[in-house]
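Notes follow the structure.
Just so you know, all these numbers are worked out from the coordinates, no wet-lab data involved. Bear in mind the structure is a predicted one, so any value in this text is a computation, not a measurement. Note: ideal-geometry Cβ built from the backbone for every residue, glycine included; neighbour counts use all protein chains shown.
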Amino acid sequence: EPEVTQTPSHQVTQMGQEVILRCVPISNHLYFYWYRQILGQKVEFLVSFYNNEISEKSEIFDDQFSVERPDGSNFTLKIRSTKLEDSAMYFCASSTHQGPPGNTIYFGEGSWLTVV
Amino acid sequence: LAKTTQPISMDSYEGQEVNITCSHNNIATNDYITWYQQFPSQGPRFIIQGYKTKVTNEVASLFIPADRKSSTLSLPRVSLSDTAVYYCLVGEGDSNYQLIWGAGTKLIIKP
């Protein structure tokens, strides 16, 4: 079964440092997403991306965050200057289309970011 | 955006059928109901999606009454490996599909 892959699986960074989380979505998918989940809390939507531009973003996705699809396979999330509260599991996801029916969103295994 | 309400936690035993009910009183006409499963430190995994009546796949069944204000995920003959958090999500029917995640139901299966 095709899957979304994410790297790194775990990253520890100093507060104020830039972090790039990488994702390879499923190859025939057109919509890409980033979510985050703070330990013990619910999954939160960050951003959706289609046709090389952001289609929707949440209040969490402020100017410190950016996304990019640098080539035909990778999808990245950059946090410019990390804060302690950015510590969370970040999930990349992708889907063939955005609305149902049949809109199965496939999630990666996550990148655990720890800011110290 | 439709909000969902689920029980915070449930317990059951191996071999039993487990039913998790979700209420979504303000579901919109175009909204579909989707359920995901999440194990600790893993990404959510799609289980099932439906619009009305009953949907069944190899993993679960989804029951949706005519008014669509609630739905029930049914897991037949659960095993210990079904211990996970289960999320009920109601999505907008058109573009800009954004999943609204609640706290989910933590299901614990006992031997």
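Quick look at the numbers
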{"item": "10 Å binning of all Cα-Cα separations within chain A, expressed as whole percents from 0 upward", "result": "15, 50, 30, 5, 0"}
{"item": "Ranked A:1, A:56, criterion: other C-beta atoms within 10 Å, fewest first", "result": "A:1, A:56"}
{"item": "Loop GluC sites (Glu not before Pro), segment B:1-82 (other Cβ atoms within 10 Å of the site Cβ: 10 or fewer; DSSP)", "result": "B:58"}
{"item": "Share of pairwise Cα separations in the protein assembly as shown, more than 27 Å, in percent", "result": "34 percent"}
{"item": "Cβ-based charge dipole, the protein assembly as shown, positive-most Cα from A:64, A:45, B:53", "result": "B:53"}
{"item": "Projected-area mean, chain B, by convex hull of Cα positions, square nanometres", "result": "6.6 nm²"}
{"item": "Least to most buried among A:60, B:109 (fewest other Cβ within 10 Å first)", "result": "A:60, B:109"}
{"item": "Neighbourhood charge, 15 Å Cβ-Cβ cut-off, centred on residue B:75 and excluding it, Lys, Arg +1 and Asp, Glu -1", "result": "0"}
{"item": "Neighbour-count order for B:5, B:21, fewest beta carbons within 10 angstrom listed first", "result": "B:5, B:21"}
{"item": "Partner chain coverage, peptide B:31-43 - average Cβ within 10 angstrom", "result": "4"}
{"item": "Relative contact order (percent, whole number), chain A, Cα cutoff 8 Å, 6+ residue spacing", "result": "38 percent"}
